[in-house]
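Derivation of every value follows stated rules applied to the coordinates shown; laboratory data play no part. Predicted, not measured: the structure shown is a model, and the values here were computed from it. Here the Cβ is made from the backbone with ideal geometry for all residues, glycine too, and neighbour counts use every protein chain on show.
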Amino acid sequence: MNSPKEYIAQNKTRFLNELIELLKIPSVSADPAFSQDVLNTSKAVKTALLDAGCDTVEIYETEGYPIVYGERIIDAALPTVLVYGHYDVQPADPLELWDSPPYEPVIKETENHPEGAIFARGSCDDKGQMYMHVKALEYMTKTDQLPCNVKFMIEGEEEVGSDNLGIYVANNKEKLANDIILISDTGMIANDVPSITTGLRGLSYVEVEVTGPNRDLHSGLYGGAVANPINILTKMIASLHDENNHITIPGFYDKVEELSTEERAEMAKAPFSLQGYQDALDIESVYGEKGYTTNERNSIRPTLDVNGIWGGYIGEGAKTVIASKAYAKISMRLVPHQDWEEITTLFQVHFEQCAPKGVKVKVTPHHGGQGYVTPIDTVGYQAASKAYETTFGKKPIPQRSGGSIPIVSLFEEELGSKTILMGFGLDSDAIHSPNEHFGVWNYLKGIETIPYFYHFFTEMKKS
Ligand code: BES
Ligand code: MN
Ligand code: MN
């Protein structure tokens with residue numbers, strides 16, 4: 001295979017400008033105010049796929065946002081790679097915390113990105129990473145080096161649970177048939193420490209509501225005599241962890257996969273600076289489950305976190321009031337073998353049971369998904385590993401991630417194929433946060449590495 005380096009150098013400015021144009025469209029799937037922008041983004045993705053060399057591209061309408069499907073089939077006898085990505089983004093708020101507007105991309109240098117990073121919502125998660133695949137296809141078609149068939153499936157509802165994609169996949173198994181699924185929607189350890197994501201955590205997301213008296217009350221006249229829903233809710237939430245930061249929900253750990261001492265020792269070899277981690281977050285110390293390291297806590301162990309909590313008076317000044325209701329949104333990150341629906345039920349039963357008399361509790365499940373682990377003794381992983389070795393000059397480290405892409409386990413169930421997670425973002429890229437960015441170096445490195453995956457995968461499949 002000819003090195004993609006030269007092609008990338010010649011087209012670098014255009015590659016950056018095209019991504020910047022895509023990032024200007026605020027495709028926020030969670031907020032209906034942006035629905036036209038989300039639809040416009042699906043059209044932009046279709047155009048990009050056609051320009052890059054897909055023979056056919058269709059916009060498949062769903063009850064939610066459309067799925068863009070494209071393909072380039074060169075020979076039915078050759079292997080097929082299915083690329084998945086998402087063109088929707090997280091809401092940008094709080095807007096006042098951005099140093100530059102989220103949909104007016106700018107390139108600025110950072111400590112981790114001395115060659116500059118593109119600052120914009122979606123730059124890393126996932127428009128930038130998805131677009132690397134589009135440009136990699138362009139390179140392979142323009143230089144006549146596409147070694148196998150390729151299918152693209154780019155959705156617009158990943159950040160809101162991928163409900164319609166699940167239906168689409170189940171109904172289009174033949175069309176989506178493939179030998180391997182390729183996704184860039186995760187991260188790597190550092191630019192000089194390449195890694196391939198081998199695991200994703202599952203997720204159960206619930207909302208809870210605690211109701212006390214039937215109306216807001218004067219906190220002097222009634223205070224002390226009736227259950228205050230906010231006091232109760234915070235107490236109930238606090239009781240969900242014990243003094244060792246174990247989760248107290250009965251049965252929660254029953255199916256958790258325990259890693260062997262050898263596997264944990266292998267994991268611990270990945271370079272990691274605790275001091276650097278703490279410094280980057282301005283914290284004096286890490287915090288978490290007793291008996292596990294930071295990298296274990298955020299990948300192979302399940303968690304329970306309050307994502308938002310509200311109720312009562314939060315306006316200017318003081319108002320003496322006992323609120324009638326208090327609310328919280330809670331996420332549980334799950335590990336292999338924990339079933340998200342089962343965990344949701346365990347949570348619901350426990351939370352309702354631990355409520356004291358004097359309040360009513362309602363638990364509303366939101367969405368969830370299973371975790372995923374990909375084996376490393378497969379052609380897919382080995383091909384990815386060789387691709388990184390070629391472009392980074394180093395063998396990548398397999399590493400499990402703490403994040404979730406729930407649709408990945410469904411791909412395996414419905415399509416019977418494994419997923420390779422070739423992520424090029426860094427944890428410090430601030431995905432879902434203000435000032436999200438994606439390194440220019442990372443973007444171009446991704447475009448350079450992906451064609452080698454196709455090359456090695458096809459070669460190894462044939463032999
Ligand atoms: N791309 C992320 C997931 C991710 C990021 C995995 C970094 C590993 C490393 C994805 O877009 C995402 O945000 N997923 C959500 C779950 C989804 C159901 C909203 C998550 O992990 O919170
Ligand atoms: Mn993503
Ligand atoms: Mn995301």
- prompt: Tell me, what HN-Hα J-couplings in whole Hz come from the Karplus equation 6.51 cos²θ - 1.76 cosθ + 1.60 at θ = phi - 60° for each residue of the range 349-364, using x for Gly and Pro?
  reply: 4, 5, 5, 5, 5, 8, 6, x, 4, x, 9, 10, 10, 10, 10, 10
- prompt: From the residues THR80, GLN36, TYR7, which one has its Cα farthest along the dipole of the range 1-159 in the positive direction, the dipole being from +1 and -1 charges on Cβ of Lys/Arg and Asp/Glu about the Cα centre?
  reply: TYR7
- request: Order these peptides, 195-203, 412-420, 379-387, 107-115, by their mean beta-carbon neighbour count within 10 angstrom, highest first.
  value: 195-203, 379-387, 412-420, 107-115
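Rounded to the nearest 20 debye, what is the charge dipole size of the range 134-281 about its Cα centre when +1 sits on each Lys and Arg Cβ and -1 on each Asp and Glu Cβ?
Rounded to the nearest 20 debye, it is 180 debye.
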From phi via Karplus (6.51, -1.76, 1.60), per-residue ³J(HN,Hα) for the range 88-101 in Hz, x at Gly/Pro: 8, 10, 6, x, 8, 5, x, 4, 5, 8, 7, 7, 9, x
- line: Out of TYR65, PRO365, VAL440 - ranked by how far each Cα lies towards the positive end of the dipole of the chain, with unit charges on the beta-carbon of charged residues - the top one is PRO365
- prompt: Straight-line reach from LYS395: which aspartates and glutamates have a Cα under 13 Å away, not including same-chain ones fewer than 8 places off?
  reply: ASP192
Cα→Cβ-extended label distance, 7 Å offset, between ALA268 and LYS461, nm: 4.0 nm
statement: With R₀ set to 41 angstrom, the calculated FRET efficiency between the beta-carbons of GLN145 and GLU413, to the nearest 0.05, is 0.80
statement: Summed over the other residues with a beta carbon less than 15 angstrom from that of VAL57, with K and R at +1 and D and E at -1, the charge totals -2
field: Only Lys, Arg (+1) and Asp, Glu (-1) charged, at Cβ; the range 332-398 dipole about Cα centre in debye
entry: 300 debye
- prompt: Given the C-alpha centroids of the range 210-252 and the range 51-80, what is the distance between them in whole angstrom?
  reply: 51 Å
- request: Multiply the residue gap between ILE283 and CYS354 by 0.36 nm, knock off their C-alpha separation, and tell me the result in nm, one decimal place.
  value: 22.3 nm
Residue (of TRP340, SER184, TYR131) at the positive-pole extreme of the chain, dipole from beta-carbon charges: TRP340
- prompt: If you place +1 on the Cβ of every Lys and Arg and -1 on the Cβ of every Asp and Glu, how big does the dipole about the Cα centre of the chain come out, in debye to the nearest 20?
  reply: 260 debye
- request: Give me the aspartates and glutamates in straight-line cross-link reach of LYS319: C-alpha distance below 12 Å, same-chain residues under 8 apart excluded.
  value: ASP216
Under the Karplus curve 6.51 cos²θ - 1.76 cosθ + 1.60, θ = phi - 60°, whole-Hz ³J(HN,Hα) for the range 207-216, x wherever Gly or Pro sits: 10, 10, 9, 10, 10, x, x, 6, 8, 5
query: What's the FRET efficiency of VAL306 with GLN275 using the Cβ-Cβ distance as r and R₀ = 30 Å, to the nearest 0.05?
result: 0.60
